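A quick write-up on the structure given underneath.
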Amino acid sequence: MITSMNTRGFKSLTDSGSIAMALRLCLLFLASLAAGVAQAAAPAPFDLAGPTLDVVVTRGKTILPASEVPNLAEGDKIWIKPEFPASQSADYLMVAAFLSGSTNPPPESWFFPCKTWTGKCSKEGLTITVPKGAQQVLVLLAPSTNGDMNALVSAVRGRPGAFVRATQDLNQAALDRSRLERYLDAIHVLNQGDPAVLKEVAPLLARSLAIKVDEKCLDKIPLLQAACLTQGQEALILNDGHSMSIAETLTSGPGADLVMAAAATPELGYGVYSPYIASVLDIVRILDSFGTAQFQYIPALSSQKGDKLALTLNAAPSFYSPKSVLVVALPAIEKKASLPPLRPVDPTDIYCAGRSALLLPVEGAPLAFSTGFAHDITLTLSGKDGKTIRLPARADAAQGGYVVNTSSLQGAALGDAVRAQLQGYWGFETYQGPTFSLKNANANAWTLADDDEDALIVGRQDTVRLRASSSSCVDGIMLRDPAGKELKAEWKTVKPGEVEVKLPLQNAQPGAMTLMITQSGVSEPHPVPIQVFSNAGRLDSFAMHAGDSQGTLKGSRLDEVASLVIGAVSFAPGELSTQGGSDSLTMVAQDAQAAAALKPDNGIAARVTLKDGRVSRVTASIDAPRPKVTLISKNVQPSRSSGDSNIQLANQDELPQDARFTFSVRAQTPATFPPDQAIEVATADEAFSAKLTIANGGIRLGDAKVALVTLDPVKAFGFSAFGPLKFRPIANAVNGDWQPLVSLVRLPVLKELKCPASAERACKLSGSDLFLVDSVSGNPQFDQAVQVSDGFPGYSLPVPHPTDGRLYLKLRDDPSVINTVALEVQVLPPSPDEIERDAAKKEAERSRKEPPADASPSNAPAPVPAAQSATPAP
């Protein structure tokens, strides 16, 4: 028991001067990030091997290695024994300490020392019990010195909140690092085996481990894919809510926003913000503040290596004063475990119970793939006799789910359809995972789709659809002709219970054929009889609208059509589509003007020439012209929010999303607007569209020929629509041609712009919805612009100083236009440190330029090297 503690040395660190100095250093560090200082661009990587910890946790009668324990609980017994190499010459004192929150210094009885080089602890390790009220536990490894125990205890008790935050960040970083290491290991293994597999496996790894994969890497040749997929490793880790809830990370407030904004800038080189980077920055910042003349604290990340915890460091330990203390975080102490939110990738999928290695695709819990927290997982189901069957399952990130060994199902009596559930343990807690539907191949009665029964024609590759209650057991499909010859058919699952089969009928003879379907768990293929017909091409009709340059020919076997002629106008084949045994072929006029001159008429005789030279007749119709209008004028009525926006749009064709847009049109064809007149407005890809009519109030007639159209983009499209809009008239159920309208843009809310007096330091632009900003510059030439990363979620950005009192901004929805930001600049006064530093620089510069009269070459000041020169500070 420790009876006395000397905390004078630690108290000196918490005075107001030290805190102010730490805050100023933090602000200077963030400012240097925004200015693009390369030296501070990235945290040091954790690539130095440290000692290994043997940690075992006992709860009740259950004993687990720490690698399988996501969280501790009150009353848990923890056995800790460090493993040093046999050549270890330095003696380490290990101190295990419990914490009870950021505002509650732990009692001295919560500190447990262990002399790892001598005595009982060196042989048997240290056993401690989680006391009531404890929330965190950390392990300190310090080189043995006189009074080292007192110094360590004093440091923790003096600033418990900082150590609480350090343990949370260490746990978060360790969990994120586990996902990254599993991803990199899988990429390296695949690259050494068959690099060509990476293109297929990388997306599954990304989904399982919540890792960001650059899709451009998958377009490279196989030998270059692995190197590309592992670039910028720390930035690959995406936010995972489950691991954050386990670590109880507290990263909110303006300080976190500023770190996130800096981490997202191109200067840091990471592109998209990574929570792993932020955790490492936070850990280094916190532990650096504990430096004393006796000790300095460096973080040690733990990673699971079998049943042990291997420590990695990002700084080489020092055995000279100040000596390095390794800070290790053990799992958080929680009253209730945070179970993994594992879910099926597609809950509607039905899986084949007859497969020897059954794959169940799951997502939502990366730690289930990267750690040993989920253990003894089985797929549990019941047979016909009601007995429970447990099948061993293992997580495989490269396959994107759990792989189940179904060998014990052989001979088991199962129903045609079975519900099964992943079950096991998450640490000490029992875990009930997602459920899945399983089906036996014996229950599948395959039939041909109704529309495809008479659609198979010899002489070409044809397609049919096969349907059953489930297609999950299909292994292969063969086509057997009347002579008994079998040909392999290409097939794919298009939806649950339906497969599409491409039949090689180019050289086939008409008659009866059989599709042979091979299924897992079934010894004999399942036959499906089909009938193949000879060429029975037919021509049904041709139709087009007056004024158009193309029409549609309908029939069958239209792939054999070479041309179509109406009068003197010739049409050539365009796009062919097939549905339900009927073909539709677009025919494009070779002379667009001559086609547009065709008058409306029905029952016209058109001549069709086939590729083999045969000529047939088909009835053609020239329907009434498509409706046509001309755009007269446009008007944008800003809403209160967009009207008060400090972003001045430079292009009149840009429409703020929350504005009210009105435009007028004049009827051309027909000459007057009919009662059912409609105007459809849509985005360029037609993902969002709205139909405005006289009935719904979207159209108001000025007279029979002029209409006023009103559009509320938010009501019509919602928040996610953006980009160029187009419109077309619709009359008598006939669509007109699309015409360009305006470009829909979403505006961020910019609240304030704060700039330091020195032009060398970046300004800070604050607001909301900043992900809508593409880039910001301080001048209209838009040079030295700051690019905002995709999906930026922060509330502040580092931006250049405005040269003429204004910023210039490109919106993500229309980056081709440079807009002006009218925002008052708040000039920040220089800090006392900056004033002092500036005076020192000026004095040094004056001394260098004007040396004393009695100065000699031996004592003259050396010139400042070019690489160290700097512009004067404000």
> If you roll a 1.4 Å probe over the heavy atoms of the protein chains, what accessible area per residue do you get for the stretch 330-474, in Å²?
Replying inline: 43
> Among Q423, T380, A395, whose Cα lies farthest out toward the positive end of the dipole of the stretch 365-436, if unit charges sit on the beta carbon of Lys, Arg (+1) and Asp, Glu (-1)?
Replying inline: T380
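Quick one: net charge around L487, please, counting Lys, Arg +1 and Asp, Glu -1 for every other residue with C-beta under 14 Å from its C-beta. Walk me through the numbers on the way to the answer.
Values: positive: R480, K485, K488, K502; negative: D462, D481, E486, E490.
Result for the neighbourhood of L487: 0.
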>> Quick check for me: using +1 on Lys/Arg Cβ and -1 on Asp/Glu Cβ, what's the dipole size of the stretch 451-593 about its Cα centre, in debye to the nearest 20?
In response: 220
> Under 20 Å from the Cα of K705, which lysines turn up, not counting those fewer than eight places away in the same chain?
Replying inline: K628, K634, K691
> Can you list the lysines whose alpha carbon sits under 22 Å from that of K554, skipping same-chain ones fewer than 8 residues off?
Replying inline: K599, K611
>> Cross-link candidates for K77: which lysines have Cα within less than 25 Å, leaving aside residues fewer than 8 places away along the same chain?
In response: K61, K115, K120, K123, K132, K305, K308, K335, K336
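In the stretch 65-168, which trypsin sites (Lys or Arg not before Pro) fall in coil by DSSP and have 12 or fewer other Cβ atoms within 10 Å? Let's see the in-between values first.
On the way: sites: K77, K115, K120, K123, K132, R157, R165; in loops: K132.
When the trypsin sites (Lys or Arg not before Pro) of the stretch 65-168 are filtered for loop state and at most 12 Cβ neighbours within 10 Å, K132 remain.
In Å², and per residue, what accessible area does the stretch 87-206 have when probed at 1.4 Å with the other protein chains present? Working shown, then result.
Working: 4680 Å² over 120 residues.
Roughly 39 Å² per residue, with all protein chains present.
If I stretch the segment between S87 and E334 completely, what's the gain in nm (0.36 nm per residue apart, minus their alpha carbon distance), one decimal? If you can, show how the numbers build up before the last one.
Details: separation 247, 0.36 × 247 = 88.92 nm, distance 3.85 nm.
Value of the extension gain: 85.1 nm.
Ignoring any ligand, DNA or RNA, what whole percent of the accessible area of the stretch 306-379 comes from carbon and sulfur when the probe is 1.4 angstrom? Mind dumping the intermediate values first?
Numbers: 1650 of 2920 Å².
Looking at the stretch 306-379 in its full context, I get 56 percent from C and S.
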> If one computes the Cα centroid of the stretch 537-609 and of the stretch 485-509, what distance in Å separates the two points?
Replying inline: 31
>> Under a Cβ-only charge scheme (Lys and Arg +1, Asp and Glu -1), can you give me the dipole magnitude of the stretch 173-213 about the Cα centre, in debye to the nearest 20?
In response: 180
>> Residues of the stretch 76-101 with backbone nitrogen within less than 17 Å of a virtual label 7 Å along the Cα-to-Cβ line of D307, please, listed as ranges.
In response: 77-83
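Counting Lys +1, Arg +1, Asp -1, Glu -1, what net charge surrounds G60 among other residues with beta carbon under 11 Å of its beta carbon? The partial results should precede the final answer.
On the way: positive: R59, K61, K77; negative: D76.
Residues close to G60 contribute a combined charge of +2.
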> For the charge dipole of the stretch 692-829, defined by +1 on Lys and Arg C-beta atoms and -1 on Asp and Glu C-beta atoms about the Cα centroid, which residue among V817, A762, Q784 has the Cα displaced farthest towards the positive pole?
Replying inline: V817
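Add +1 for every Lys or Arg and -1 for every Asp or Glu among the other residues with Cβ under 10 Å from the Cβ of A353, and state the total. Can you show the working numbers first?
Values: positive: R355, K439; negative: D416.
Spelling it out: positives minus negatives among the neighbours equals +1.
The values are calculated or read from the model by the stated rules, or taken from the named source; none is laboratory data. On a predicted model such as this, the values are computed, not experimentally measured, just so you know. Because the Cβ atoms are built from the backbone with ideal geometry, glycine has one as well, and the counts that use them run over all protein chains shown. For the accessible areas, the whole protein counts, side chains as well, though only heavy atoms, and no ligand, DNA or RNA atoms are used. Shrake-Rupley method; radii C 1.70, N 1.55, O 1.52, S 1.80 Å.
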